[in-house]
1. Could you sort Ser148, Ser327, Ser254 by their accessible area in this structure, using a 1.4 Å probe and putting the largest first?
2. Counting Lys and Arg as +1 and Asp and Glu as -1, what is the net charge of the other residues whose Cβ lies under 12 Å from the Cβ of His282?
3. Residues in the range 263-290, backbone N under 18 Å from the label point at Lys232 (7 Å along the Cα-to-beta-carbon vector): list them, ranges by number please.
4. For the chain, with a Gaussian network of springs between Cα atoms less than 10 Å apart, report the residue from Gly117, Gly182, Gly40 with the top mean-square fluctuation.
5. With the other protein chains left in place, how much accessible area per residue, in square angstrom, belongs to the chain at a 1.4 angstrom probe?
6. Quote the accessible area belonging to His305 in square angstrom, nearest 10, computed with a 1.4 Å probe and with ligands, DNA and RNA left uncounted.
7. With springs connecting C-alpha atoms under 10 Å apart, model the chain as a Gaussian network and identify which of Thr257, Thr147, Thr29 has the largest mean-square fluctuation.
8. Can you work out D for the range 84-236 in µm² s⁻¹ from Stokes-Einstein, where Rh is the Kirkwood radius over C-alpha pairs, the temperature is 10 °C and the viscosity is 1.306 mPa s?
Amino acid sequence: MSVVILTVSEDEADIRLDRYFRRHYPHLTQGALQKLCRTGQIRVDGKRAEASTRLQPGQAVRVPPIPVSSAARPVRDERPPLDERLVREIKGMVLYQDQQVIVLNKPAGLAVQGGPGITKHVDMMLDGLREGDDPRPRLVHRIDRDTSGILLLARSPGIAAKLAAAFRGRDIKKTYWAVVVGRPDPQEGEIDQPLVRLGMGPNAIMVAADRKDKEAQFARTVYKVVDAAARKFSWLEMSPLTGRTHQLRVHCESLTTPIMGDPKYGGEAAHVDGFADQLHLHARELDIPHPAGGRLVVSAALPPHMQETFRSLGFVAGPTPGPSRRSR
């Protein structure tokens, strides 16, 4: 065994060092990796590095001899082949795909990842989008189970790291549509309301918090009323400037205009007779820096229950634009 020098590829831009090792040395345990970093045996461009260090293309990663005792037993991928019905279902969600990214229109009610009581979710279906020997597509972000619309996937770990960096750097614009009960006053503006989590697990909720609360997370949302039915219902377009859990749902509640059908926020006011008792929140559009250059803009058509509500209230969404790639 001897020292090996690896060069970070373009596809591995912005990937964490521990994830880089997980990719190249899948049997090295996290504890052993951290020890090798701590003792200076793993270096990046000749310098000491931490497990959380983010790598850039062209950097040289020094890999010391890895003792057999530091390696965990290989974990075999024993997932059974994906049921053809699920393959067809996940492929039917695809709005756009190329060699770097895949964009889905997730239906309302389908969870993005597993959890207590969840037997079907997007993550378990991703093998249906795998091409040949390519890596399994990876989730880049998440939306609530009850929220429909745009969900972004990356075709490789390196692309996932690039897109995750764009999300952290706020270089991504997300646009949501919602039907709320009532009409906000003012009809457009920015909600700057910190949030704090109450409780643990699946029963946890986010609530508006005092700015002096040390546990509070700042949260900002830009919104405007696109249309309204008298003062009873409004169609809102919202762009979150931060990415807090349930941010849009709590911010709408803070305007005293809860999102129609919200099962967790808004109380009785959110549930209106004559309309589908489902969350009326849709991730309408995503504008991202494409990993290959330029920007990609993708829009998702409304889910059936929101289409019916739009018809009932006289809201006209118009045609959904097709995906577009453009230079900066």
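1. Ser327, Ser254, Ser148
2. Taking every other residue near His282 into account, the sum is -1.
3. 268-278, 280
4. Among Gly117, Gly182, Gly40, the largest GNM mean-square fluctuation belongs to Gly117.
5. Accessible area per residue: 52 Å².
6. For His305, solvent-accessible area is about 20 Å².
7. Answer for the Gaussian network model of the chain: Thr29.
8. Roughly 88 µm²/s, to the nearest whole number.
The values are calculated or read from the model by the stated rules, or taken from the named source; none is laboratory data. What you are looking at is a predicted structure, and each value in this text was computed from that prediction instead of being measured. Backbone-built Cβ (ideal geometry, glycine too); neighbour counts: all protein chains shown. Heads up: the accessible areas ignore ligands, DNA and RNA and are worked out on the full protein's heavy atoms, side chains in. Shrake-Rupley method; radii C 1.70, N 1.55, O 1.52, S 1.80 Å.
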